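The values are calculated or read from the model by the stated rules, or taken from the named source; none is laboratory data. Quick caveat: nothing in here was measured; it's all calculated off a predicted structure. Counting neighbours? That spans all protein chains shown, and the Cβs are built from the backbone with ideal geometry, glycine included.
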Amino acid sequence: MNRAIKRFSLHPFIIRLFHWEYWPFDVVYAPMYLVYLWFGVRARSFFFFAAANPTIKNGGFLMETKSAIDPLIPEPYKPTTIYFENGTDFSIVLKAVKEKKITFPCIIKPDNGSRGRGVRKVYNEQELKEVLAIYPVPYVIQNFIPYPKELGIFYVRLPNEPNGKILSIVGKEFVQVTGDGQHTIYELLQQNSRYVLQLPVLKKLIADRLEIVLPVGEKEILLPYGSHSRGCLFVDDSHKIDGRLTKVMDNICTQIDGFYYGRLDIRYNTWEELVEGKNFCIIEINGAGSDPTHMYDPKHSIFFAWKEIIRHWKMMYKISVLNRKNGHPYLTVKEGLQMFKDNAAYDKTLNAFLV
C-alpha cells in the first residue's frame, strides 16, 4: 500500500499539480498580466521595460545576446568567453579555444539563451565537436568556473542615484545524488520528485552515467549549472542581504553602463569571500525579463510568488519611467510586436534541436 502511494505521488502529473513551481509559465503569470497592463497604462506604453536597461537590447526582456552584454561587465568579474556563429568550421573554433586558453571541461551555451536549453559542459575535443554539430543558433564557449556554489542576485538602482539595492537572492542546489552502494544513478533519480520530471532530459545529457552504482555516501553532481527548468533546486536566501554584499554589487553594477534592473548569476567559493568581493565570477546578467527566482523556493506559496513579481515589476516601472525622462525611449508598438515574433521563431528553433 505504501509503495503504491509513493508511486502515485511520484507520477509527473501529480508532482506538477501539487507543486506550483512546475506549473507552465503562462499559468503562473496569468493573474499578473492585469497588473502589468496597469503599469503599461501608467507608463503610456506596454513596452516600457525597454528603458529599464538602455544599453541592453530590449532592456534585456527578450532577444538580448550574451555577446552584446558581456563587454559591459568589468573584466575581473567575468569568465573567458568566445562567440561563434553556428556552422563555424570546427578547426576555427578549436584554434580560438586554444588561443584564449580555454581548457576542458568548458561550457557551451546559446548566445541568446532561454531557460537552460542547450547549455552543456563538455570534457574533450571530440565531445565539443559532437555538440557543436547540432547547434542551430550562434553560441558561446566559456571556461568552466570551478567555484562550487551558485546564486542569483537581483539588483536594482534608480537612475541618477549613486547606489542601488538588492531585492532578492536565490541560492541554487545542482542536480545531484548520493550513492547507497545498491541503486544505480537512474534509480536514485526516480526516488526524487524533482528529478523525476527531468528524467527525459537526463537520459539525453548523461546517458553514460545513469547505470553507475555509486559507493555509499559518495555524492555526484549530474548537471553543474543552476537552471530551474533543468531540475536545480532554488532556495530563497534573501535573508542574507546585508550592507557588505550590497556594497560589492554597487561597485560592480555602477561600472556596467546603463544597467539598472536585473539578476546577476554568480559562481562563488564561500559566502564570506563573496561579501568581501573575492573569488567569484559573474556567469550571466539577465535584464528586464528576469524572474525573481527566489520565489521558486518550495516553501513559498503561489501568493508569495505573485507578491514578489509585483514588487519587482514596480521597481522596473519606476526605473523605466525615470530613464525615459532622461532621454531613453520605450519600444514602439511595431518594435515590441516584432520582438515577440522574433522570439517565438527563435524558441521554435531551440525546441527543435536543443535540450
Picking from Lys109, Lys95, which residue would you name as being part of a strand (DSSP E or B) and free of Cβ contacts under 8 Å to residues at least 60 places away in the same chain? Lys109
Boolean, Ser67 is in a loop (DSSP other than H, G, I, E, B) and touching an Asp or Glu at 6+ places or on another chain (Cβ under 7 Å): no
Scan the range 65-77 and tell me whether some residue there is crowded, with 21+ Cβ neighbours inside 10 Å and more than 17 Å from the chain's Cα centre (by Cα). no
Among the residues of the range 213-229, is there at least one that is touching a Phe, Trp or Tyr at 6+ places or on another chain (Cβ under 6 Å), modelled with pLDDT of 95 or more and either at positive phi or of a type outside the set (S, T, N, Q) (or both)? no
Identify all residues within the range 274-307 that are within 30 Å of His19 (Cα to Cα) and part of a loop (DSSP other than H, G, I, E, B); write none if there are none. Gly287, Ala288, Gly289, Ser290, Asp291, Pro292, Asp297, Pro298, Lys299, His300, Ser301
Select from the range 38-64 the residues that are under 22 Å from the mean Cα position of the chain (by Cα) and assigned to a helix (DSSP H, G or I) and list them in ascending order. Phe49, Ala50, Ala51, Lys57, Asn58, Gly59, Gly60
Given the condition in contact (Cβ under 8 Å) with a residue 24 or more places away in the chain, part of a helix (DSSP H, G or I) and not aliphatic (A, V, I, L, M), answer yes or no: does some residue in the range 264-273 qualify? yes
What are the pairs, 6+ residues apart or on separate chains, where a residue within the range 283-305 that is farther than 16 Å from Phe259 by Cα and surrounded by fewer than 20 Cβ atoms within 10 Å (Cβ to Cβ) has its Cβ under 6 Å from a residue that is at pLDDT 95 or above and not charged (D, E, K, R)? Asp297/Phe234; Asp297/Val235; Ile302/Trp20
Check off (1) of a type outside the set (Asp, Glu); (2) over 28 Å from Val275 (Cα atoms); (3) touching a residue at least 60 places away in the same chain (Cβ under 8 Å) for Gly226 and give me the number that stays unchecked. (2)
Tally, over the range 71-84, of residues that are touching a strand residue (DSSP E or B) at 6+ places or on another chain (Cβ under 8 Å), within 19 Å of Ile145 (Cα to Cα) and either without any contact (Cβ under 8 Å) to a residue 12 or more places away in the chain or not in a helix (DSSP H, G or I) (or both): 7
From the set of residues in the range 137-162 that are surrounded by fewer than 16 Cβ atoms within 10 Å (Cβ to Cβ) and within 20 Å of the chain's Cα centre (by Cα), which is nearest to Tyr268 (Cα to Cα)? Pro148
Quick one: count up the residues across the range 283-339 that are modelled with pLDDT of 95 or more, of a type in the set (D, E, K, R), over 23 Å from Val41 (Cα atoms) and within 19 Å of the chain's Cα centre (by Cα). 1
Just to be sure before I move on: is Val201 part of a loop (DSSP other than H, G, I, E, B) and either modelled with pLDDT under 95 or surrounded by fewer than 19 Cβ atoms within 10 Å (Cβ to Cβ) (or both) in the structure I sent? no
Tally, over the range 29-44, of residues that are surrounded by fewer than 11 Cβ atoms within 10 Å (Cβ to Cβ) and aliphatic (A, V, I, L, M): 2
